[in-house]
Amino acid sequence: MRFVEPAFLFAMIALAIPVIIHLFSFRRYKTIMFSNVSFLKEVKEETASRSKLKHLLILLSRLLAIAFLVLAFAQPFIPVKEQQVVTGEKAVSVFLDNSFSMNATENGVASFDRAVSAARDVVNAYDADDKFQIITNDLEGRHQRLVSKEEILSQIDEISISPSSRNLKEVFARQKSILSTSTAQEKSVYFISDFQDNMLEFDNDTSVQLNLIPVSSSNVGNIYIDSVWFLSPVQLIGQPQQVVTKVMNSGSEDAEGLRLTLKINNEIKAIADCKVKANNWTIDTIGFTINESGWNESVVELEDFPITFDDSYYFNFLVKDKINVLEISNQSDKYLSALYNSDQLFDYSKAASGQLNYSGLDENQLLVLNGLDKIPSGLTSALVSYAQSGGNIAVFMPKQADIKSYNDLFRRMNANLIIDRHVGSRAISGINLREGLLQDVFEEIPQNINLPKSSISYNFTNRTQSSGENILTYKDGTPALDKYTLGSGSMYVFNLPLDNKQSDLAVHAIFVPLMYKMAIYSNASSAIAYTLGDKSRINLPQMGSSSENVLRIANDKFEFIPEQQSLGNRVYLSIRDEIKEAGSYRVLDNADQLMSLIAFNFNRKESVMSFASNDDLNARFASENTRLLSDIRTSLGQVIGTLDDGISLWKLCIILALIFLAVEILLIRLMPS
């Protein structure tokens, strides 16, 4: 047994007071005259014996009452283990998990509600002069300091479920940072969580006492939409489209009779039935036809309970009325104009290299450099910026190229460089059907297929840092058509002239699908949806002056101005943690004109309802500074007090002191002398 305040034991000297009173009784006796006292002798002896016993019992009661009263002030306790008694202020940091998985219920009570109750019990287990910090997955600024007991209880009541999700390593680092500002000798950290499997990454620190309080429900099944994408990278008005949906089942039972609903612009476009086996996933395709140009606000939904945050997947896509194609050429050519002018989908134009408006290049979805003998340095810089911003470029080599100017462009595009000019017939023999341009062009390739030939071509280096992908190759292995990627744009290099005197590509059947897909693929959107909490930036085309055009993001409930940065002809938006709800949001300019629709979905990390068991936690967090408080259905505050201070005995001492005082009173009043 130990004492919190051992100095109070000096008060045991007070035990001498009742002893002195007992030994030195100052009562005066009064003499009463009797005629004959011989008959009183036996009574006198019997009365003296009883009186002595009574006084001794009263003395003992007084001594015990005083002794237990002194012990109560000394605060005795029995330590649970060999531990040092820490007095003074304590610093306590509590992580309250408020992620979506905490919505799981057991016996009708959500894990989050039990976690809030546990957090209050933890705080109430400490003294009023201790300091506290509450921290959640949101890592809010107001939670980044130590506060009083009263204030933290108020902060706990204000916490609600959030789409944010953190691992324990990130949370613990923030808690240690805050506790380091305290001078308290005892610092404790509490994790109150369902300890979902995806959050258990952790680096321990033995300098603080770590307490784990699991509040998870038993593993529950959850069916959710993991992701959505288009089967085709381009969406065209009046054309049939297919939306691919990946549905996950994290439960132990097969799910049948699920219904997927596709809504576009608040109108139901298609409904599909699907089923998913237990602990598995399935891919389902929903077909529909695009009827409206412009931005289309879309969502795929299913019904599943009780976890509902991941039952909807929002996405948006842009359908343009026209695809602008600009041919840059100093020679007359009928093939490209005939191809693109025959379809109302394309808006074709042509300009000489010396008459270009470089600032207007980004208005086109495809630039075609056709037979330029030399590429001006200004055009090279404009093309690189155009590609980085998402534009597509097609290059047809001329009969006699200025190798230096072409290599300047190719070097900056991370493409293979020209070695020299090759004069002589070369026939194309290799076709890469895995590349998007040639997908669905051939049902099957005949063994003796007749492919284009060229009498003039170029030999290229094979740079290790090149991002090139072969689409067409000559028989000797030299590339005939390569694709290079820079930023979010692409460059296609035809290693032949388009002039029919040097090649027959322009009159070959493969020419039309190649050029058609290059143009429509340039219309593909970079992303149809984003994930809340993801730190990736959103890039959009720049409209007007970057210093004057301040963009806003809004929906029907709120709006805000995001952090924005202009680079070239693109503007990059950083959302950070401003958006809390999944859905579609409008990007507006100064004139309230719609620049884009962007869709956000909740992070699917919280969708897998798999939690660590107590045995898992003991194994993963095995350390002398770690305690697992697994039973929060009893008095958690009492458990914490016992673990921190041992088994406290001061209340028992007060009770015993009162009992012995009562015994003394009863002896005085009821026991005959």
Distant-in-sequence amide H partners of Leu486 (H built 1.01 Å from N, under 5 Å): Met491
Mean ellipticity per residue at 222 nm, deg cm²/dmol - from DSSP H runs of n ≥ 4 across the chain, formula -39500 (n - 2.57): -7500 deg cm²/dmol
Links that overshoot a 30 Å alpha carbon limit, given the list Lys374/Lys483; Lys334/Lys374; Lys246/Lys517; Lys404/Lys453; Lys169/Lys275: Lys169/Lys275
DSSP H segments from the chain that extend 18 Å or more along their own axis, Cα-based, with Kyte-Doolittle mean of 1.0 or above: 650-670
Sites Ile237 and Lys501, calculated FRET efficiency, Cβ-Cβ separation with R0 51 Å, nearest 0.05: 0.85
Debye, to nearest 20: dipole size of the stretch 323-521, +1 on Lys, Arg Cβ, -1 on Asp, Glu Cβ: 560 debye
For the stretch 152-172 versus the stretch 295-366, the gap between their alpha-carbon centres in whole angstrom: 43 Å
Partners for Lys90 among lysines (Cα-Cα distance below 21 Å; same-chain residues under 8 apart left out): Lys81, Lys131, Lys149, Lys176, Lys187
Partner aspartates and glutamates for Lys263 [C-alpha distance under 20 Å; skip if fewer than 8 residues away on the same chain]: Asp226, Asp273, Asp284, Glu292, Glu297, Glu301, Glu303, Asp304, Asp310, Asp311, Asp556, Glu581
5 angstrom amide H check on Ser566, placed H, neighbours 5+ away: Tyr572
Rounded to 5, percent antiparallel among DSSP beta bridges of the chain: 65 percent
Mean separation of Cα contacts under 8 Å (6+ apart) over length of the chain, as relative contact order %: 16 percent
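Read-outs throughout are calculated quantities, based only on the coordinates presented, and are distinct from any laboratory measurement. Everything numeric here is computed off the predicted structure, so don't read it as measured data. Ideal geometry is used to build each Cβ from the backbone, glycine not excepted, and the neighbour counts take in all protein chains shown.
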